[in-house]
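A short write-up of the structure that comes next.
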């Protein structure tokens, strides 16, 4: 049997568009000798569909799309899509063959943690199915069904074990159709699940995953085959739409290819491809592959712009590492011709920050404008002095400046149709060290799921290959430059200490007692947890954050405001 494993990037809710793309991919696979083409979980509607599943017309649209595919496919196909049965909705797999379609599998384990809330929409299936095709027995599973003991939630049953123990001997391989989002921690965890499952049952695991970014969620693909006792063998390039032709008799990938107009170009522009040489590092005790994260964030930017019908972006450059990294990512993803930087100095901005920002723009061929906010700042301050009985406090005056910069950025965005990319990092968001309606604004938070220390790690990894960011930016002490001599360390603990506590709290789930037992300073722990809690209201007003960790702010971090 020759499987065409389609690492597909469906568009959420665009059922007929997805069906046309699937037909094109299936036709290309059939021409190359595939006998069965396999698409990811819920690929017909896109993942996650969320409340689209409540739209009355969706069921009819899906049926029409299945009819469209059944009448045109020249190859057998397994397709992920919802099924409506007796008033219930299932996360299902359809078999399409001989101009007919039918449900052959229903997802058993419905994740309800982190970014997932499938039990809100779906009814759980009873068990994993076993299909027979071309003399092979295939154990069909859907994403989480493989993660009975590897997920954040420990399930009472293992559907893979249940299916294997109930079946006659002779299952040839486990097929897992997934829509599993990327995270820094997720890649090694997924490898462990695939390896342990293949080794435990002594049969290969064939894994096909969604790719592409959908708002805050980024899907890396990682389509692979894993044999018992062996490492995961990835057969499609991560973060790229592609199809792998896998021969189950020869146990090898015959070729990997793109198809038609839907095989997107690389998410990195050619001048950026050398960054794929960047080394993998261990930071804060975590897997941190700079090249992998670079590709993830570039994919997030590119697909978000495509979803919002945008092409150009604008970034406020401060002379600091955060905005420099965001500008570089935008250049990699979109090309310098689609990126504009606004430099908006005040009387407190250092000569170094303006000079370095100009150098960064010239280094990458990015258009820039210098728009001083000093006159606007003095005008606002004068108006307030005339109206208020007391002079504005230091904090009030400080926050006027980022809000004026936000005004200029949004004015440019409206005038030129450019998306404002936010430059705040996860450390700042966690501590509330940012200004509502100021530097917290924008249409997309690009590095809002990277801690400050990780931002530096990413920048230094790029610069180890060639200069992407002027070294003076990386050497400058972090500062918001909102008052004379201001430094981040005036308000925040040193970033290495702060980020270690935040990661153990946010990603690690440690409470105050657990953090102290891990060796963090008790007074510092209490200070950090207090700031984290009291700034929750700000995070509820953030733009969407590109998720690259196992717990990002947004739908992965749900906390009460009080």
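Just so you know, all these numbers are worked out from the coordinates, no wet-lab data involved. A quick note: this is a predicted structure, and the numbers were derived from the prediction, not measured. Positions of Cβ are backbone-derived with ideal geometry, glycine not excepted, and every protein chain shown enters the neighbour counts.
Cut-off is 10 Å between beta-carbons; in what order do 86, 523, 216, 117 appear when sorted fewest neighbours first?
Ascending Cβ contact count within 10 Å gives the list 86, 523, 117, 216.
Each Cα pair under 8 Å and six or more residues apart adds its separation to the average, and for the chain the resulting relative contact order is 11 percent. Our helix-only sum for the chain, with -39,500 (n - 2.57) per DSSP H run of n ≥ 4 divided by its residues, gives a mean residue ellipticity at 222 nm of -11000 deg cm²/dmol.
So between residue 535 and residue 247, what do we pick up on full extension, going 0.36 nm a residue minus the alpha carbon distance?
Working: separation 288, 0.36 × 288 = 103.68 nm, distance 5.37 nm.
That pair, residue 535 and residue 247, stretches by 98.3 nm at full extension.
Helix 374-387 against the longest principal axis of the chain: what's the angle in degrees, Cα atoms only, rounded to the nearest 10? Its long axis makes an angle of about 70 degrees. Going by neighbour counts of Cβ atoms within 10 Å, the residues 340, 35, 197 line up, fewest first, as 35, 340, 197. Taking label points 7 Å from Cα along the Cα-to-Cβ direction, residue 411 and residue 381 give a separation of 1.9 nm. The label point for residue 71 and the one for residue 167, both projected 7 Å from the Cα toward the Cβ, are 3.5 nm apart.
The fewest-to-most ranking of 538, 355 by surrounding Cβ atoms within 10 Å reads 355, 538. Using the Cβ-Cβ distance between residue 309 and residue 137 with R0 set to 45 Å, the FRET efficiency works out to roughly 0.45. Applying 1/(1 + (r/R0)^6) with r as the Cβ-Cβ distance of residue 517 and residue 191 and R0 = 35 angstrom yields a FRET efficiency of 0.75. The calculated FRET efficiency for the pair residue 257 and residue 475, based on their C-beta separation and a Förster distance of 45 Å, comes to about 0.50.
If you take every DSSP beta bridge whose two residues both sit in the chain, what share of them, in percent to the nearest 5, is antiparallel? Intermediate results must be reported in sequence, preceding the final value.
On the way: 45 of 77 bridges.
Of those bridges, close to 60 percent are antiparallel.
Counted over segment 267-357, the DSSP beta bridges are approximately 45% antiparallel. By DSSP, the beta bridges lying fully in segment 2-262 are antiparallel in about 70 percent of cases.
For segment 2-262, the Cα-based Rg and Dmax, in that order, read 16.6, 47 Å. Taking only the alpha carbons of the chain, we obtain Rg and Dmax values of 25.3, 86 Å in that order.
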